[in-house]
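Structure first, then comments.
Just so you know, all these numbers are worked out from the coordinates, no wet-lab data involved. For clarity, every value in this text was computed on a predicted model and none was experimentally measured. Note that each Cβ is placed from the backbone with ideal geometry, even for glycine, and that neighbours are counted across all protein chains shown.
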Amino acid sequence: MWTLAELSKIETDVLRRGIINTLIMESNLMELLPWETIGQLSTGVVRIQDLPSVGFRRVNGAYDSSDIGHFEHKVENISLFGRDIDTDEAIARSKNTIEDARAIQRRLVTMAIAYSFNDNFINGIVNFDTPLVFNGLRKRVDDVYDEGYTNQKIDCALSGKGILNASSYSQLFLDKLYALVYAIKGHRPDYLLMNGKAFQAVNSLLRREKLLATTSDFFDRQIETFMGARLVDIGVKANQTTEIITSTETSAGVDGSDEHTSIYAVKFGVGDMTWGIQQFPLEVKDMGEIEEKPCFRDRVTWNLGLATVDPRSIGRLYGIIPDASS
């Protein structure tokens, strides 16, 4: 069970290490998300549904042993993820390029893979239109909320006011943000995921209140934390313009044309929280020159998905207006 950051430190294959480093450079999630190799296309996870009852007994009496705990069995599936990277032979052989053409294509495609993973980590939903992806946090939070874990989905409820609108609204927002953190198992999520606009507003507010802490990541970049949770701007989709977590949600947290957004919390842990599953570790193959056309091909293959056992490892705060408007 490895994170990509840990795997990069011991990887000896130059091509594969380059792909891994690009992934974790472009995706904060991939830096620390732990991966379990399951060797198959699905895996069963077992969640505690309820605990057995306990009680007291009289002297010379017996304990009640009729009631038992119950478990819930779920299946998490693998999605087939990757890309063939083709570089025309003429371009690959050209000597007047600033950088090796195949290396450039590898980096661009790997960046797209990272952005696509980030997007699906939040927005992925398996349905008729998108049967090949995996369920992301948004769908998973909705599911656990429908199962009765109502603390995992919190309404910011600031009556259409921005979190920087006035001190009173800022304090109310901090109460809600604390409620999101508290809703996560152990009251300490690993990540608080948001878009750029929310990141700037939350960062500003926490700095003013002296609640912002800083540390460094795998690449020695400064990162901000709140109550031990890393604040992450999850960024944009592969088109480089569309926010993964939009600022056009309605106050009810659904897609629309309003100015609200959401913050997601997640706690990682293989086998007991939320974690990544893979059929096998990421593979990068240099296929050489292919027969059907004069191109050199690299193939990146990573059959992966997500698994969640504890409903309290994920949460969402919605209905947030990041700026001082309204």
Point to revise | Proxy reagent accessibility, fewest Cβ within 10 Å first, across 23, 132 | key: 132, 23
Point to revise | Whole-percent pair-distance distribution, where bins are 5 Å wide, for the alpha carbons of segment 128-214 | key: 3, 11, 18, 24, 18, 13, 8, 4, 2, 0
Study note, to complete from the structure: Least to most buried among 194, 227, by other C-beta atoms within 10 Å and fewest first, runs 227, 194
Review point. For the Cα atoms of the chain, what angle does the longest principal axis make with the long axis of helix 101-123, in degrees from 0 to 90, nearest 10?
Key: 20 degrees
Point to revise | In degrees, nearest ten, helix 14-26 long axis to first principal axis of the chain (Cα) | key: 50 degrees
Review point. Expressed in whole Å with the largest first, what are the equivalent ellipsoid semi-axes of the chain derived from the C-alpha gyration tensor as the square root of 5 times each eigenvalue?
Key: 38, 28, 18
Exercise for review: Would you mind ranking 27, 257, 116, 53 by Cβ crowding within 10 Å, fewest neighbours first?
Suggested key: 257, 53, 116, 27
Check your understanding: Structure shown: which of 161/267; 74/197; 153/237; 197/285 lie over 31 Å apart, alpha-carbon to alpha-carbon?
Key -> 74/197; 197/285
Practice item. Can you tell me the alpha carbon radius of gyration of segment 178-277 divided by the globular rule-of-thumb value 2.2 N^0.38 Å? Key: 1.14
Check your understanding: Can you give the helix-only mean residue ellipticity at 222 nm for the chain, where every DSSP H stretch with n ≥ 4 adds -39500 (n - 2.57) and the sum goes over all residues, rounded to the nearest 500 deg cm²/dmol?
Key -> -9000 deg cm²/dmol
Point to revise | Cα Rg over Rh - segment 213-326, Kirkwood | key: 1.09
